[in-house]
1. When the helix-only estimate is applied to the chain (DSSP H runs of n ≥ 4, each -39,500 (n - 2.57), divided by the residue count), what is the mean residue ellipticity at 222 nm, nearest 500 deg cm²/dmol?
2. Take every DSSP beta bridge with both residues inside the chain and express the antiparallel ones as a percent of the total, to the nearest 5.
3. Once the dipole of the range 206-349 is set up with Lys and Arg at +1 and Asp and Glu at -1 on Cβ about the Cα centre, which of GLN276, ALA333, THR306 lies farthest towards its positive end?
4. So what's the angle, to the nearest 10 degrees on a 0 to 90 scale, between helix 53-65 and the longest Cα principal axis of the chain?
5. What full-extension length gain, to one decimal in nm, is calculated for ARG164 and GLU388 as 0.36 nm per residue of separation minus the Cα-Cα distance?
6. So between ARG235 and GLN185, what do we pick up on full extension, going 0.36 nm a residue minus the alpha carbon distance?
7. By count of other Cβ within 10 Å, fewest leading, how are ILE171, ILE162, ILE43 ordered?
8. Magnitude of the Cβ-charge dipole of the range 28-270, K/R +1 and D/E -1, about the Cα centre, nearest 20 debye?
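Coordinate-derived values only; no laboratory data. Computed from a predicted structure; not experimentally measured. Methodologically, a virtual Cβ is constructed for each residue, glycine included, from the backbone with ideal geometry; neighbour enumeration extends over all protein chains shown.
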Amino acid sequence: MAHSLAILGGAQVSDRQWPRWPQPGPRALKSLEDVLHSGRWTISCAYQGRPSYEEQFADAFAEYCGTEFCVPTSTGSASLSIALEACGVGAFDEVVVPGLSWVASASAVLGINAIPVLVDVDPATYCVDPDAVAAAITERTRAITVVHAYSSIADLTALTEIARRHGLPLIEDCAHAHGARYRGQAVGSIGAAGAFSMQGTKLLTAGEGGAVVTNDPEVADRADHLRSDGRRRSRAPLNVGDMELLETGHMMGSNACLSEFHAAVLLDQLDLIDGQNMRRRESAAYLDQRLARFGCVGQVTTEGTTERTYYRYATRLPKEILEIVPVATVIDALTAELGFPVLSAYRPLNDNPLHRPDTRRRFAANPEYLAQVNPKRFDLPVTKDIHESVVTFGHEVLLAPIEAMEEIALAFEKVTAHIGEIAP
Ligand SMILES: Cc1ncc(COP(=O)(O)O)c(C=O)c1O
């Protein structure tokens, strides 16, 4: 093993070309060309005599998730806001949100004039702690959101029980977990609604996109209206030139429709995801076992997980290393050894520069509301500790051959063995 760390000018452990993401599948190009010439680039244009790609994707994704309904959307953020509103959440309602997540988990709540109540997570799974959720519920709580973070499924047994006891909808944010299963059921199908993101880094992607899945016909109908300016898909037979979206006026909405191009790409990607998830699982199992030799503790998933998926591989560094250097130093050293970006876990949402409601005039209209949405009022020690001790990297890395996982293990070994060289 080389003596000098790559970050100090030594040789890298790996100069391999790591897999890129996203990766187009075999159907994508032909389908995109078909959309180009179809005379219909979105569902809000006239019917052209055959089911839209959007409708095909909705049917295929509902089947994939084992739900009655799927309403595709333009982004994951839109799917979260729509799922919340479709479940009856509105202005000044409190919504429980995990403190460890991407900013959208909170901004989607703010986007419907509700109040994100940030709660701490479990130190092993990094998913919301059911006891913290139960403690955060007040008479103003109108929904609980849960994020299946990185590669773990949250404790859905405990959370569905809390939601049932309080008569609250549980909204599953599945942006990281396409294809994950809990006690045999797909995530997203267990709560009142599931919200997915198909943004460019996600396991199922079209660059941008999203979906709401549910078994509740009323939630689906409201989601349909909310994402297409108050219209919903016609259930009657159509002639070429008819508009497929009916102006019912039942519920006002905004435009968050998924375009035909995006739907075509998502159908292509849906064929590939199960095989990719399986390969990621094998690589992650190898890494868990190899990195444990250097005292790293991989993220754990909740008991009851029957199919685990990996959006980011995450592992906690040993205390002895973190006593010498901060996590950011290890991250820089690993990135230099491996040539792909290693990152920390999310910055807690009570201390995240992207979560700043006070920078938007729309939230300042009411000073009482502004005080309630101030993220600084929450305390999230477990989330903070995860941010300061966990390193993560993207799922595409796990698609590399198993020899490449050995290179990752060697990089961890080298960096931990030579940590004194980069101590402050
Ligand atoms: C947990 C989580 N929720 C929601 C979103 C929002 O999705 P989008 O970027 O598609 O709006 C993301 C995106 O990264 C996410 O990671």
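1. Values: 14 runs with 147 residues, N = 424.
Taking each H run of at least 4 residues, the total per residue is -10500 deg cm²/dmol.
2. Numbers: 28 of 43 bridges.
Around 65 percent antiparallel, to the nearest 5.
3. Projecting each Cα onto the dipole axis, the largest value belongs to ALA333.
4. So the inclination is approximately 60 degrees.
5. Values: separation 224, 0.36 × 224 = 80.64 nm, distance 3.44 nm.
Full-extension gain reported as 77.2 nm.
6. On the way: separation 50, 0.36 × 50 = 18.00 nm, distance 2.85 nm.
Result: 15.1 nm gained on full extension.
7. Numbers: ILE171 33, ILE162 18, ILE43 23.
Listing ILE171, ILE162, ILE43 from fewest to most nearby Cβ atoms yields ILE162, ILE43, ILE171.
8. On the way: 16 positive and 30 negative charges, 30 e Å.
Taking the Cα centre of the range 28-270 as origin, the dipole is about 140 debye.
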